[in-house]
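The values are calculated or read from the model by the stated rules, or taken from the named source; none is laboratory data. The model shown is predicted, which means the values in this text are computed figures rather than measured ones. Note: ideal-geometry Cβ built from the backbone for every residue, glycine included; neighbour counts use all protein chains shown.
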Amino acid sequence: MSLLYKANLYSPYLLTLALCTLVLSGCSTLPNKETQVLIKQTSQQRINKLQQLQQWKIKGKIAFIDKKSRSSATLSWQVDENENTQQLNLTTYLGINVLQLDSNANSHKIQVDGKTYQGRDLEALIHSITGLTLPTQALTFWLKGIAYQEDDSIHYQKATQLPLTLSSYYNNELWQVSYANYQQIDGYSLATKFSIKKDDLLIKIVVNDWSITNK
């Protein structure tokens, strides 16, 4: 894909996304779950349980921050690892849809500004259309606090045995994930605040709602 094609696609989308200026630090956390006692289990017990979590949905907010720009949006992301499908929606604070993704296996369809784009490499497709770097494949694991690759390194909180940070050389680049504000969600201990960093890029995610569907 030429740089000219990429620039032509990116400009209108960035203008739309820039309308969303939500501040993540002010987001509310999951209702009625903040005071729940977290499950006591070893890190391996937690990993074994979360590897069985195949169907889930999160709603919240996401921000992309680098030296040149800062943009944010409302996030809705539904993943079914059993069927290998996912739906991702980014909207402005006014409810205007600026990106809609539907994936089935290695077939990905993205709608942006009324146009539809398709491809087989999801992360490359998102970047070519929006200019955003989003490690979607690994994030479906990292958001649960488990490794995507065997050599991913996880540092655990001593008292709770919950992930504190994760480091990964994903696509030959160093990614670092920080976790905060754990909640007990339908028997799973899951973080609701994430900082995902690579070089000068910082992605922040705040989850207001975790939905577990594979019970």
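Restricting attention to the stretch 79-97, which residues are under 26 Å from Gln54 (Cα atoms) and without any contact (Cβ under 8 Å) to a residue 24 or more places away in the chain? Outline the logic, then answer.
First, pick out the residues of the stretch 79-97 that are under 26 Å from Gln54 (Cα atoms): 79-91.
Once the filter is applied, which keeps residues that are under 26 Å from Gln54 (Cα atoms) and without any contact (Cβ under 8 Å) to a residue 24 or more places away in the chain, the stretch 79-97 yields Glu83, Asn84, Thr85, Gln87, Asn89.
Ser167 versus (1) free of Cβ contacts under 8 Å to residues at least 60 places away in the same chain; (2) buried (at least 18 other Cβ atoms within 10 Å of the Cβ); (3) hydroxyl-bearing (Ser, Thr, Tyr): which is the lone unmet condition?
That leaves (2) as the condition not met.
Based on what the data block shows, is Lys49 part of a helix (DSSP H, G or I), modelled with pLDDT of 90 or more and not β-branched (Val, Ile, Thr)?
Answer is yes for this residue.
Mind telling me which of the residues Leu143, Leu166 ends up being more than 13 Å from the chain's Cα centre (by Cα), modelled with pLDDT of 95 or more and aliphatic (A, V, I, L, M)? Give the steps one after another, and end with the answer.
Details: Leu143 fails: more than 13 Å from the chain's Cα centre (by Cα).
Among Leu143, Leu166, only Leu166 is more than 13 Å from the chain's Cα centre (by Cα), modelled with pLDDT of 95 or more and aliphatic (A, V, I, L, M).
So, of the residues in the stretch 77-92 that are in contact with a Lys or Arg (Cβ under 9 Å, 6 or more places away or on another chain) and either surrounded by fewer than 18 Cβ atoms within 10 Å (Cβ to Cβ) or β-branched (Val, Ile, Thr) (or both), which turns out to be farthest from Asp113 (Cα to Cα)?
Looking only at the stretch 77-92, we keep the residues that are in contact with a Lys or Arg (Cβ under 9 Å, 6 or more places away or on another chain), and these are 77-79, 87.
Next cut, either surrounded by fewer than 18 Cβ atoms within 10 Å (Cβ to Cβ) or β-branched (Val, Ile, Thr) (or both) only: 78-79, 87.
On the way: Gln78: 21, Val79: 23, Gln87: 17 Å.
Among residues in the stretch 77-92 that are in contact with a Lys or Arg (Cβ under 9 Å, 6 or more places away or on another chain) and either surrounded by fewer than 18 Cβ atoms within 10 Å (Cβ to Cβ) or β-branched (Val, Ile, Thr) (or both), the one farthest from Asp113 (Cα to Cα) is Val79.
Read through the list (1) of a type in the set (A, V, I, L, M, F, W, C); (2) farther than 24 Å from Gln54 by Cβ; (3) surrounded by fewer than 16 Cβ atoms within 10 Å (Cβ to Cβ), then give the number of the only condition that Ala105 fails.
The number of the failed condition is (2).
How many residues are among the β-branched types (Val, Ile, Thr), without any contact (Cβ under 8 Å) to a residue 12 or more places away in the chain and out of contact with any Lys or Arg (no Cβ under 8 Å at 6 or more places or on another chain) when one looks only at the stretch 104-148? Lay out the reasoning, then the answer.
Here is the first cut: in the stretch 104-148, the ones among the β-branched types (Val, Ile, Thr) are 110, 112, 116, 126, 129-130, 133, 136, 140, 146.
Still in the running and without any contact (Cβ under 8 Å) to a residue 12 or more places away in the chain: 116.
Checking the rest, the ones that are also out of contact with any Lys or Arg (no Cβ under 8 Å at 6 or more places or on another chain) come to none.
Residues meeting the conditions: 0.
Can you report the number of residues in the stretch 153-163 which are over 17 Å from the mean Cα position of the chain (by Cα), surrounded by 18 or more Cβ atoms within 10 Å (Cβ to Cβ) and either without any contact (Cβ under 8 Å) to a residue 24 or more places away in the chain or part of a strand (DSSP E or B) (or both)?
1
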